[in-house]
Amino acid sequence: MPDRVLKPGIEKDDILPVSPEDFLQALEGEGVELPVPAEISPVAPESQIVVYSDPRSAGADRFRLVQTRLKQLQAAKKLKSLLITSPLPGDGKSTVALNLATALAEKGKRPVLLLEADVYRPALVRRLGLKPWRGLTECFAGKSDPMLAIRRIDPLGFYLLPAGRPMEDGSTLLHSEFISKLIKGLAATSFSWILIDSPPATPIAEILALRAEADATLLVSRAGKTPREAIEESARNLGRDHILGIILNGVEGLDRVYSQYFGYVKPEARVKPQKPKSIQSLGLKTHGR
């Protein structure tokens, strides 16, 4: 989990006056850009979005594997909303969410929404190198329509509804009818996927509130860091039938294999071995809601 949060001080409301009716009507056409503002991300190396910045890396390949598996599960189980969480802070769930949203969006061909529900320590806007705009917390406080806070993120191709300013007590929002209606309303639209970047799995009451609104869960853990006991406790609390799989983040060594492969195919393009930047291991189940 990043050690910084978005700074307060949003001086103006940059949300464009697009009506919910126009927004939902635009969603009916797959591959059509929605009538929302677009933000251009520099996709800096520190964002760790390897699917875009390092597509031949081991991490990017693993995300493409997840993308393929999720599409198969979606066709079989009609999944749409996916909760992405971790047992502890610092396991890399936001990195996984950013990369998975980018992979599933297929360069803007599929309408994928990344919903930032970590209202305690929001980090996605900063990770994307963007200026903050009003998000969930401001919409909740001001009773405004959060659909109007959605923006398209270029060149990554997905849509983002950010958390907004951090809250000291996020339970009032995460347990509210506001968030329940929002997720149900988004699920009723033609977004191909709704990825919910949530707080870590403790406190468990808040995760269970978000879990109730999602079709399934991906649990992110970090190799050599996340205790097995924490993973098992999170799995029990979330429900094993609700968890599609566990993503093991930060395993070292696989990039050397990819370097050797690409070097064999094209010697002049030999990749210098690096530590993996993201997902390295995944098992997805065939069951779920």
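Residue selection: residue 127 satisfies the criterion of being basic (Lys, Arg) and within 14 Å of the chain's Cα centre (by Cα). Just to be sure I understand, how many residues within the stretch 153-163 are over 11 Å from residue 115 (Cα atoms) and within 14 Å of the chain's Cα centre (by Cα)? Matching residues across the stretch 153-163 total 3. Taking residue 63, is it within 27 Å of residue 190 (Cα to Cα), at pLDDT 90 or above and among the hydrophobic types (A, V, I, L, M, F, W, C)? Yes: the conditions hold for residue 63. Of all residues in the stretch 66-98, those being crowded, with 21+ Cβ neighbours inside 10 Å and polar (S, T, N, Q) number 5.
Just one of (1) surrounded by 18 or more Cβ atoms within 10 Å (Cβ to Cβ); (2) at pLDDT below 90; (3) more than 20 Å from residue 154 (Cα to Cα) fails for residue 15. It is (3).
The condition of being touching a Leu at 6+ places or on another chain (Cβ under 9 Å) and part of a helix (DSSP H, G or I) holds for only one of 165, 126, that being 126.
Looking at this structure, is residue 201 over 18 Å from residue 56 (Cα atoms), modelled with pLDDT of 50 or more and in contact with a Pro (Cβ under 8 Å, 6 or more places away or on another chain)? In short, yes. I'd like to know if the stretch 82-90 contains one or more residues that are in contact (Cβ under 8 Å) with a residue 24 or more places away in the chain, under 23 Å from residue 240 (Cα atoms), of a type in the set (Val, Ile, Thr) and part of a helix (DSSP H, G or I). No; the residues of the stretch 82-90 include none that is in contact (Cβ under 8 Å) with a residue 24 or more places away in the chain, under 23 Å from residue 240 (Cα atoms), of a type in the set (Val, Ile, Thr) and part of a helix (DSSP H, G or I). Here's a check for you: in the stretch 38-50, which residue that is assigned to a helix (DSSP H, G or I) and touching a Gly at 6+ places or on another chain (Cβ under 8 Å) is surrounded by the fewest Cβ atoms within 10 Å (Cβ to Cβ)? Only one residue fits best here, namely 47.
Beta carbons closer than 6 Å, at least 6 apart along the sequence or on distinct chains, pair a first residue in the stretch 167-195 that is surrounded by 13 or more Cβ atoms within 10 Å (Cβ to Cβ) with a second that is modelled with pLDDT of 90 or more and of a type in the set (S, T, N, Q) for 167/137; 187/81; 194/81.
Residues in the stretch 101-109: is at least one surrounded by 22 or more Cβ atoms within 10 Å (Cβ to Cβ), out of contact with any strand residue (DSSP E or B) (no Cβ under 7 Å at 6 or more places or on another chain) and over 17 Å from residue 245 (Cα atoms)?
Yes, some residue in the stretch 101-109 is surrounded by 22 or more Cβ atoms within 10 Å (Cβ to Cβ), out of contact with any strand residue (DSSP E or B) (no Cβ under 7 Å at 6 or more places or on another chain) and over 17 Å from residue 245 (Cα atoms).
Restricted to the stretch 192-218, and to residues there that are among the charged types (D, E, K, R) and in a helix (DSSP H, G or I), the residue that is nearest to the chain's Cα centre (by Cα) is 211.
Selection of the stretch 236-251 for residues being over 18 Å from the mean Cα position of the chain (by Cα) and closer than 26 Å to residue 61 by Cβ yields only 251. In the set 144, 57, only one residue is buried (at least 20 other Cβ atoms within 10 Å of the Cβ), out of contact with any Leu (no Cβ under 7 Å at 6 or more places or on another chain) and farther than 17 Å from residue 198 by Cα; that residue is 57.
Condition check ((1) modelled with pLDDT under 55; (2) assigned to a strand (DSSP E or B); (3) of a type in the set (Val, Ile, Thr); (4) closer than 22 Å to residue 68 by Cβ) across all residues:
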| position | (1), (2), (3), (4) |
| --- | --- |
| 220 | no, yes, yes, yes |
| 225 | no, no, no, no |
| 234 | no, no, no, no |
| 241 | no, no, no, no |
| 246 | no, yes, yes, yes |
| 252 | no, no, no, no |
| 256 | yes, no, no, no |
| 264 | yes, no, no, no |
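The values are calculated or read from the model by the stated rules, or taken from the named source; none is laboratory data. In this text the structure is predicted, and so the values were computed from the model without any measurement. Here Cβ is always computed from backbone atoms with ideal geometry, including for glycine, and neighbour counts include all displayed protein chains.
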